[in-house]
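One structure is given below, encoded as structure tokens.
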Amino acid sequence: MAIERKKIVAEAIALLDEVGYDNLTTRRLAERLGVKQPALYWHFKNKRALLDAIDESILAPHHAAATPRASDDWRVFLVSYGESIRRALLAHRDGGRVHAGAPPSHDQLGQTDAQITLLCGAGFSPLIAMQALLTINAFVLGSVIDQQADEEHGLGWDKAEALTDGRLPAFEASLTAMQEGGRDAAFTAGLEMIVIGLGAMRQKS
């Protein structure tokens, strides 16, 4: 029975949402599709290749701030870029773990070239521009994986009231402020800290 690559990826994402990264196997996917496992290997030589295709499909509809315009302010773009990737990866269960280690696609390389062009035009050296993007991507990925793990196990700083007992006033005040803003605000604040630091790096590049 022939099966289209697009259908395989769509069903793989649905299966990921149901069972999570650790339980997403080609055997389960084949059973879901009603085919034998070897049928999947016509399209994907191994599970990593399947995960890479899942990653591309997760990013495509949600990562809207991937390609900057020449008129974009580099600071605004980098914050929007980071927030956009985060939204995409949070749209599906364990999206962060799927994205970790995924190689860039041809389209993504073109987007990265445009991002570096924007940063170089703003006064960064090519090296600092690339390091800036790698730093933001690492921050996004770590934040997403941490949040999704917390949600999976019901943990995290946003549920940390049980850790306080009135004897840690500085911690408790900070925790209260973090909880009021929520994870979105905390994430954006982190991105803005990176961007502020990059402003100083621009003067040195």
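The values are calculated or read from the model by the stated rules, or taken from the named source; none is laboratory data. Keep in mind the model is a prediction, meaning the values are calculated, not measured. Reconstructed Cβ throughout: ideal geometry from the backbone, glycine too, with neighbour counts over all protein chains shown. Remember, those area values only see protein heavy atoms, side chains included, never the ligands or the DNA or RNA. Shrake-Rupley method; radii C 1.70, N 1.55, O 1.52, S 1.80 Å.
Annotations for the structure displayed:
- Alpha-carbon radius of gyration plus Dmax, which is the widest Cα pair, for the chain in Å: 20.0, 66
- Only protein heavy atoms count here; on that basis, with a 1.4 Å probe, residue 117 has an accessible area of about 90 Å².
- Accessible surface of the chain, 1.4 Å probe, proportion on carbon and sulfur as whole %: 57 percent
- Shape category assigned to region 92-156 from the gyration tensor of Cα positions, a/c cut at 1.5: prolate
- Folded to 0 to 90 degrees: helix 169-204 orientation relative to the chain principal axis, Cα: 90 degrees
- Chymotrypsin sites (Phe, Trp or Tyr not before Pro) within region 17-93: DSSP coil, no more than 14 neighbouring Cβ in 10 Å: 41, 42
- Rolling a 1.4 Å probe over the heavy atoms of the protein chains gives the chain an accessible area of 56 Å² per residue.
- Spin-label pair residue 14-residue 48: with each label point 7 Å from Cα along the Cα-Cβ axis, the two points sit 2.9 nm from one another.
- For the chain: relative contact order, % (alpha-carbon pairs under 8 angstrom, 6 or more apart): 20 percent
- Note on residue 39 and residue 22: their simple-model spin labels are 3.0 nm apart, each label 7 Å out from Cα toward Cβ.
- Once the chain from residue 75 to residue 32 is taken as fully extended at 0.36 nm per residue, the excess over their C-alpha distance is 11.0 nm.
- The chain: angle of helix 47-62 to the longest principal axis, Cα-based, in degrees nearest 10: 60 degrees
- Tally of Lys pairs whose C-alpha atoms are under 20 Å apart, taken over the chain, 8 or more apart or cross-chain: 8
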